[in-house]
Amino acid sequence: MEETADTMQGDSPRFAAETSAALSETTVPSPRPNPAPLPPYRQIRALHDVDTITVYQAYKSSIATAAVRTQKLNASPDFSPRRMTWVKPSWCWMMYRSGYAAKDARQDSILAIKMRHDDFVGLLRRAELTHGRGQETKVEEGRSGPENEEDDQESGGAEEKRVEEESAQQDGGTEDAEPNRLDSSVRRGLKPPSQRRRSRLPKSSKVKVQWDPERSPSLEKLPYRSIQIGIPAALSSQWVEEWIVGIEDVTHTAQELKKFLDENPRVTTAELVRRGLMPTETEYAVPDDVQGLLGMRDRLRDGDDR
């Protein structure tokens, strides 16, 4: 009886030992990790190091091949500086725009273009938003048109085409502008009056910025934005000659990424980075004045998804 009574006492040595053994055998579920917080709604994310930032652009192969060989983007006569060129710091957005370099022959080669930090930030200081402060573009999904109509350097979206057309008007129009509106001055070998007026307009040096939904490696739309930067014709030559410090063809990486995603649809971004199919893109901090210009601190508009 004494032994039985003793085993019922909570502070007995035998009870404590048995309780400890039972607890040690109990499996305690590990707490679920908290999901990673979303990036800010408007944030520049890029591959960058101490000296440079990398942006991407898709071109036809003739432009890309000559650019890599000479490290000059305008080495091929197919490259035209007369129209706006759009660059993207986001690798996934470049995959979306070019269809992993398979959308069409005008953008079957993807170049990684390195710029010095001062030049890149200086470019942003010239920027204006394409739809006004704090607003995003409303590009209809699935629509696309030539981003550079004269030389087909890259195929861009509907909004980019609209900006292109406005830029062309500011820059003096195109060579085939208003071909059917002829007057006596044309018959005398002169330009139509509208073209003469446009040719007197100064070329716009305003850089265009638009914020579009960021994309995942498999091109799903994400609930935050990615920046696109439109470099106008007035700055094209300076960008090509002075602000680009390195050019690399990364088309093969884009193609291998698509192949691997098709074979492994559940792969994580971390694994893609480990395999060298994705760059490590982190926040690219810009000064307060640039954040203000780009609407990075503005509140979301009603109806914006998060």
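The values are calculated or read from the model by the stated rules, or taken from the named source; none is laboratory data. These figures come from a predicted structure and were not determined experimentally. Virtual Cβ from ideal backbone geometry, glycine too; neighbours counted across all protein chains shown.
One table, with the values for the structure above:
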item	result
Qualifying residue in region 93-116 (condition: surrounded by fewer than 18 Cβ atoms within 10 Å (Cβ to Cβ), closer than 20 Å to Leu235 by Cα and modelled with pLDDT of 95 or more)	yes
So Tyr56, is it within 19 Å of His117 (Cβ to Cβ) and crowded, with 18+ Cβ neighbours inside 10 Å	yes
Matching residues in region 271-292 - criterion: being assigned to a loop (DSSP other than H, G, I, E, B) and not β-branched (Val, Ile, Thr)	Arg275, Gly276, Leu277, Met278, Pro279, Glu281, Tyr284, Ala285, Pro287
Qualifying positions in region 241-253 - assigned to a helix (DSSP H, G or I) and within 16 Å of Thr65 (Cβ to Cβ)	Thr251, His252
Exclusive hit being farther than 25 Å from Ser62 by Cα, of a type outside the set (Val, Ile, Thr), modelled with pLDDT of 95 or more and part of a strand (DSSP E or B), set Arg225, Arg266	Arg225
In region 65-85, the residues that are of a type outside the set (S, T, N, Q), buried (at least 24 other Cβ atoms within 10 Å of the Cβ) and not in a loop (DSSP other than H, G, I, E, B)	Ala67
